[in-house]
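Presented below is the structure to which this report refers.
Taken together, the values in this text are just the output of simple stated rules run on the coordinates, not laboratory data. This structure is a prediction, so every number in the text was calculated from the model and none was measured. In this analysis, Cβ positions are derived from the backbone assuming ideal geometry, glycine residues included, and neighbour counts consider all displayed protein chains.
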Amino acid sequence: MASLAATFGRGAMTNHWKDIKNADVVLVMGANPAENHPCGFKWALEARDENKATLLTIDPRFTRTSAVADKHLQIRPGSDIAVLGGLIRYMLANDLHHADYVRAHTNASFLVSGEFGFEDGLFSGFDEAASAYDKTSWSYQRDADGFVRRDPTLEDPRCAFQLLKHHYERYTPAMVAQIAGCSEEKFLEMADIICSTGRADRVGTIMYAVGWTMHTVGTQIIRTGAILQLLLGNIGRPGGGINALRGHANVQGATDHAIVAGILPGYLKVPTPEQATLRDHLDASTPTPLVPDTVNYWGNYPKFLVSQLKAWFGDHATAANEFGYQYLGKQDGDATWLSIWDQVRQGEVEGFIALGFNPLLAGPDVPRLLESMSRLKWKVIIDPFMLDSAEFWRAPGMEPTEVQTEVMYMPTTHWIERDGSFTNSGRWAQWKEKAIDPPAGVRSDTYVLSELFWRVKELYQQDGEDAVYNEPIQNLTWDYLNPREPTLVELAKEINGYDRATGQLLSSFGQLQADGGTSAGNWIYTGSYTEAGNVMANRGTDDPTGLGMHHDWAFSWPANRRVLYNRASADAEGRPWDQNRAGIAWNGQRWIGDVPDYGATTPPDGPGAFIMTEEGVARLFSNHLADGPFSEHYEPVESPTTNPLHESVAVNPVINWYDGVRETLAAEGDDFPYACTVYRVVEHEHFVTRNVPLLVELMPDFFVEVPEGLAAEKGIENGGRARVWSKRGEVEGIAIVTKRIKPLLVNGQTVWTIGIPVHWGFVGITHGSMANLLTPYVGDANTRCPEFKAFLVNIESTGPAST
Amino acid sequence: MSSFSTGGGGVANWSTLWSPLWYCRRGMAISRRTFLKASVGGAVGVSALGFDLTPAYAAVRQLKIRNAREYKTVCPYCAVGCGTIAYTHGSGGLNTTNTVIHVEGDPDNPINGGTLCPKGASQMQLAISPRLRKSPMYRAAGAEEWQEVDWDFAMDWFARKFKESRDNTFVERDGQGRTVNRTNGIAWVGSATVANEDAYLITKTMRAMGLTYIDHQARI
């Protein structure tokens, strides 16, 4: 979500599932929703069937989504930026962008420093020794008042629009074809359809998932999509947007509530050691306006953070102790998945806890992961089912007696045995009722957390004066009716927040204060549980706009708004770009339609539409990412070809290389000629479904998807067996010989792509090879999401089809 | 849908009615309750659906969900957020336990309009699976098998290990003398499958304990 925040100011799906029906063009890329989000995908079919929308897929495979699409473009894994950059070039070269929108709602007119540049694959400011950019030159030109200089004509060669146009100039259809392996003609057919939405009366949406995220350039792939949508004027509008399809029931909610390295609930920031005081942290985290006419809503950061600290530490959070700021651990360096396991590998981490998570199967480079895991002193796995991760000490190839890690497995309740809310991809937090009690012997996650908290707290009390620093533990608010197992309603109210003077639940984050007068566990959920009741449990089905917004159904953060940035659904005068698909409209006194992402009575000639950015507009040029203000095509770290744009800088120059990882990648002279990618199938959801007999019956076995021509070359039979290996590990299973993946001509050479499903392991009703035995231990330059989606392998037949 | 059979030739194309797109295309003009009433009401002639649902021969078999209690919940799999209804049976007596007898899509939910995918449709087998564990298990260093332990043992062990590692690795001031109050000796991951309220409590508790190694499935 780093990418969307860098562009729009918030990281989340801009629109929502049902809204997809309003689109004229639906582009599915880096996702396969027919298979992985079937009931959400029906809204794309609805758009196609009822709205005459065109449904497009761009993917390394002809997927089940492609099977119902109007057009499909097959590309090589990892070539997404080339394709999207090509679309941007084509659009600008043919003036197909939505010019009025771009002028009103983006930073196209902002002038950029003369120092900024791009040459031979590198943006200005590259520090080779640090493998990082000094971003000083990625800045705007300022006037005497410190505000950004702008050129409304968009003709100044230093304005963001002209720089963007220049940057993507190299992404010609021929270059796209050369990198991605698609035909120019088919690419141009696609481009015409996608760019047809650059008008007020047409709108298009993008549906993407981890097919975009899981690359060393994942964040920049998404950003290229976001830039594309901005240029077409498709952000903030019903039927538009850039929509991240999340893969677990509450990925969005768990992210909002920050079980995530580097952030606190509501996308607040984890303090760093340089921020010695609360004041330092607030100064560093609160943006200042870059133009005179911007809401700059993140300017309220101090209210959000102080209210959170009040929720956590109550009366122990006072102005005198910086509201408990020093109670928060300060983070040095990266703290994401790959870094955590790297620290485990180096013996720095003693204990590891996984709740509702199967780390062994989920992470890249399983052989390396097993080695790291064995260095833990102890490990706790909390889950309703026994997991492969809990039994890693007896994974295939492991010698249990040599693994000194102590392991505790605890069975806890699952969704149907507990109430609480799930937030879907579209930001709708829906309350669920508890249907049944758990079996005897099973406890809730809330119980485990509470019991751990109390027992640790009591152990520290026993230590007396010799105790290690534990003031935050002693002072943590835990005033629940049953402190050993709070109810989820109590927690929902704490998240929503209170006026501390009156004890009343708040109804809006507009009420939050920075002086300790209010508490709110997560400001973006303020309004979800008010004095009027649990808004998340609302079940009103009315849809007065006919656009599927359903404001009386559940709670959509923020403020029950259904489409983010909806001020941009109207022009500078507040008139909807399209009257038939109005997001919000100015009626002379106030905005009507969706809950406005703007002051309800602020006239349209007021501040910019993108209230979460200090620019007041969306960023075509953004200095918020580590690897460039614009995107650039870099090859996967394991690539079957060179980078024709700049051979000497073939891969992303600012990714982090963990110790010993380069040696685990295919090198020159190694025989790994084939591209490989991994994916899900509809019958399974990661690993848990291997406990469900019906689903195992439908999809019992691990398999390898092999293109026809390659299978013939290798003597692999459909239904026979094949072994696939990378430099890191190998898998073996049934071969499915397929027409779904064609050979591609990339850079003048033929590239074959092999497909591997991710669902198997060694605990469950059915066993099979772990896909991540193959994948590389390297991540995106910004998020460090691993590059699961593009790597190199070899393949051979291991047996004929049984008859 | 044989139990719904009306016996009237050409009356209702049930497969169309129950196809994934049926509800969304009709904007849910009728609620699920009205629909059921119309379907199984018995004496209804030409129903709200505009066709005859009168049983032609014998009485239709009672629905298995008759007398069941309904709970509105949400599918546990992907992030579409399909609404589901869990039907449970049980007398509610002191020595009885309710159990799920059926789970289906919630037709009132605007997102899925009653539809479910293969995973969602089979979620009852996840809900009450015999594979669900009922006791904590402990594996000692170098051991080749699990041993069953009770909750008190498990939580005592967990709390002691947690505190011990926190004590071993807690840093109040870093090498440059800056207050950091953290432990990087313990890591917590997950979960994208717990409710928001538990997710929040995980973050609140672990940040207060001083952890910074906190992550979940969104990363991978």
_Part-to-part distance (alpha-carbon centres) for the range A:450-516 and the range A:179-204, which is given in Å_ = 52 Å
*Take peptides A:79-87, A:629-637, A:343-351, B:172-180 and line them up by average Cβ neighbours within 10 Å, highest first, as a rough protection proxy.*
A:79-87, A:629-637, A:343-351, B:172-180
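If you wrap a convex hull around the Cα atoms of the range A:105-218, how much volume per residue is inside, in Å³?
Roughly 176 Å³ of hull volume per residue.
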*Got a sec? Which residues in the range A:315-356 would a label at A:D127 touch, if it sits 7 Å along Cα→Cβ and we count backbone N under 19 Å?*
A:332-335
*Note down the magnitude of the dipole of the range A:547-658 about its Cα centre, charges +1 on Lys and Arg C-beta and -1 on Asp and Glu C-beta and zero elsewhere, to the nearest 20 debye.*
560 debye
*Across the range B:66-78, in residue order, what do the Karplus-derived ³J(HN,Hα) couplings come to in whole Hz, using 6.51 cos²θ - 1.76 cosθ + 1.60 with θ = phi - 60° and x for Gly and Pro?*
4, 6, 6, 8, 9, 10, 8, 9, 10, 4, x, 8, 6
*Base-10 log of normalised Debye intensity for the range B:64-132 (one unit scatterer per alpha-carbon) at q = 0.14, 0.17, 0.28 Å⁻¹*: -0.44, -0.62, -1.25
*So which GluC sites (Glu not before Pro) in the range A:83-139 are both in a DSSP loop and have at most 15 other Cβ atoms within 10 Å of their Cβ?*
A:E115, A:E128
*Provide, in order from the shortest bin, the percent of all Cα-Cα pairs of the range A:2-249 in each 5 Å bin, continuing until the bin that contains the maximum pair distance.*
1, 6, 13, 18, 20, 17, 12, 7, 4, 2, 0, 0
*Long-range amide H contacts for A:R149: which residues qualify at under 5 Å (H placed 1.01 Å from N, peptide plane, sequence gap of 5 or more or a different chain)?*
A:L111, A:Q141, A:R142, A:D143
_Applying a 10 Å radius around every beta-carbon, put A:523-529, B:145-151 in order of their mean neighbour count, most first._
A:523-529, B:145-151
*asked:* Taking θ = phi - 60°, what integer Hz values does the Karplus form 6.51 cos²θ - 1.76 cosθ + 1.60 yield along the range A:539-545, in sequence order, with x for Gly and Pro?
replied: 10, x, 9, 4, 9, x, 6
*Apply the Karplus parameterisation 6.51 cos²θ - 1.76 cosθ + 1.60, with θ equal to phi minus 60°, to every residue of the range A:785-793 and state each ³J(HN,Hα) to the nearest whole Hz, in sequence, with x for glycine and proline.*
5, x, 8, 6, 8, 7, 7, 10, 9
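What is the Å³ per residue value for the convex hull set by the Cα atoms of the range B:137-219?
Measuring per residue, one finds 149 Å³ for the Cα hull of the range B:137-219.
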*Take the alpha-carbon centre of the range B:156-220, take the same for the range A:52-117, and report the distance between them in whole Å.*
40 Å
*Within 10 Å of each Cβ of A:513-523, how many other protein chain Cβ atoms are there on average?*
1
*Euclidean distance of C-alpha centroids, the range A:634-684 and the range A:535-561, integer Å*: 44 Å
*asked:* At a 10 angstrom cut-off on C-beta neighbours, averaged per residue, how do the peptides A:558-568, A:574-584, A:99-109 rank from highest to lowest?
replied: A:558-568, A:99-109, A:574-584
*Per residue, what volume in Å³ does the convex hull of the Cα atoms of chain A enclose?*
173 Å³
*Cβ neighbours within 10 Å from other chains - mean over A:678-689*: 3
*What share of all Cα pairs of the range A:444-563, in percent, falls into each consecutive 5 Å distance bin?*
2, 10, 16, 16, 14, 14, 12, 7, 4, 2, 1, 1, 0, 0
*Looking at this model, which pairs from A:K457/B:K163; A:K18/A:K269; A:K330/A:K377; A:K727/A:K789; A:K310/B:K161; A:K434/B:K72 are more than 20 angstrom apart at the alpha-carbon?*
A:K18/A:K269; A:K330/A:K377; A:K310/B:K161
*asked:* Are there any trypsin sites (Lys or Arg not before Pro) in the range A:457-545 that are in a DSSP loop and have at most 13 other Cβ atoms within 10 Å? List them by number.
replied: A:R484
*Rounded to a whole number of µm²/s, how large is the Stokes-Einstein D of the range A:659-755 at 20 °C and 1.002 mPa s, given Rh as the Kirkwood radius over C-alpha pairs?*
140 µm²/s
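What does the structure give for A:776-787 when I average, per residue, the other chain Cβ atoms found within 10 Å of the residue Cβ?
If you average over the peptide's residues, the count of other-chain Cβ atoms is 1.
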